[in-house]
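Structure, as structure tokens:
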Amino acid sequence: MLTISLRPALPTDIPIMQDIERDAGRRFAETPFSFVATAEPTSGHTISLHLRTGFASLAWHDRRPVGFILARLEEGAGYVAELSVRCDWGRRGCGRALMAAAESWLAEQGADSAWLTTFTDIPWNAPWYADQGYQNVVTADRPAWLNRIMDRQALDDRLDPVARSAMVKSLPPDTDRDQSGPAPGRR
């Protein structure tokens, strides 16, 4: 069995995280969203904001960074902004471990739900999140802050809003955080 360890991301990890995101984007090359394969990764500025005010964690195997996640609070709710796993690390539990850490941190911060946006019909996107307990949410049931995020995403002409889903997962109350320590993504 492969061992994956998580640790909080550091400012010096920003180029590593961008490299992971570029590699993860290669999976889109043969999809209707092939532009993702060559798109610029999340900006260093955006990653820095998560390092300072949100959750940012890196997954490692044998001293090699293989994935990362960015999450934050939005009006008291949790928002998973980015999850990227290297192509050769898909289907090995890395994404699940990163999601669990982010969800734990969000619950620790008092969020009762975690929200995200993703591609509806890409197998490693909405169907994968559904397997992790996330449910699709229709536009009328989305919080205003999430609609603003999706509106900004729709400004990219290549990104058909119909091809995007908003998803939510209820988080259990943070009852045992004192016993297990902080989630690996914050110092």
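The values are calculated or read from the model by the stated rules, or taken from the named source; none is laboratory data. Keep in mind the model is a prediction, meaning the values are calculated, not measured. Quick note on the areas: whole protein, heavy atoms, side chains included, nothing else; ligands and nucleic acids left out. Shrake-Rupley method; radii C 1.70, N 1.55, O 1.52, S 1.80 Å.
Taking 0.36 nm per residue of sequence separation and subtracting the Cα-Cα distance, how much length would be gained by fully extending the chain between residue 135 and residue 61, in nm to one decimal?
The span from residue 135 to residue 61 would gain 23.6 nm if fully extended.
For 108, 75, give the ranking by accessible area with the largest first, probe 1.4 Å.
75, 108
Taking all protein chains as present, what is the carbon and sulfur share of the accessible area of the chain, in % to the nearest whole number, probe 1.4 Å?
Solvent-exposed carbon and sulfur of the chain make up 50 percent of the total.
Please list, in order along the stretch 43-48, the HN-Hα scalar couplings obtained from phi with the Karplus expression 6.51 cos²θ - 1.76 cosθ + 1.60 (θ = phi - 60°), rounded to whole Hz, x for Gly and Pro.
Karplus values, whole Hz, x for Gly and Pro: 5, x, 4, 5, 4, 4.
Express the Stokes-Einstein translational diffusion coefficient of the chain in µm² s⁻¹, to the nearest whole number, given a Kirkwood radius over alpha-carbon pairs, 20 °C and a viscosity of 1.002 mPa s.
The estimated diffusion coefficient comes to 128 µm²/s.
When all C-alpha to C-alpha distances in the stretch 1-61 are sorted into bins of 5 Å, what percent of pairs does each bin hold, rounded to whole numbers?
Reading upward from the zero bin: 4, 18, 22, 20, 17, 14, 6, 0.
Could you pull the accessible area for residue 83 with a 1.4 Å probe, rounded to 10 Å²?
40
Could you go through the stretch 93-107 in sequence order and give the Karplus-derived ³J(HN,Hα) for each residue, using 6.51 cos²θ - 1.76 cosθ + 1.60 with θ = phi - 60°, rounded to whole Hz, and x for Gly and Pro?
x, 5, x, 4, 5, 5, 4, 4, 5, 5, 4, 4, 5, 4, 5
Sum -39500 (n - 2.57) across every DSSP H segment of at least 4 residues in the chain, then divide by the residue count to get the 222 nm mean residue ellipticity, nearest 500.
Computed ellipticity for the chain at 222 nm equals -9000 deg cm²/dmol.
Quick one: accessible surface of residue 139, probe radius 1.4 Å, all protein chains present, in square angstrom to the nearest 10.
The value for residue 139 is about 80 Å².
How large is the accessible surface per residue of the stretch 1-56, computed with a 1.4 Å probe and reported in Å² as a whole number?
About 56 Å² of surface per residue is accessible.
Given H placed 1.01 Å from N in the peptide plane, which residues other than close sequence neighbours of residue 171 have an amide H under 5 Å from its amide H?
113, 114
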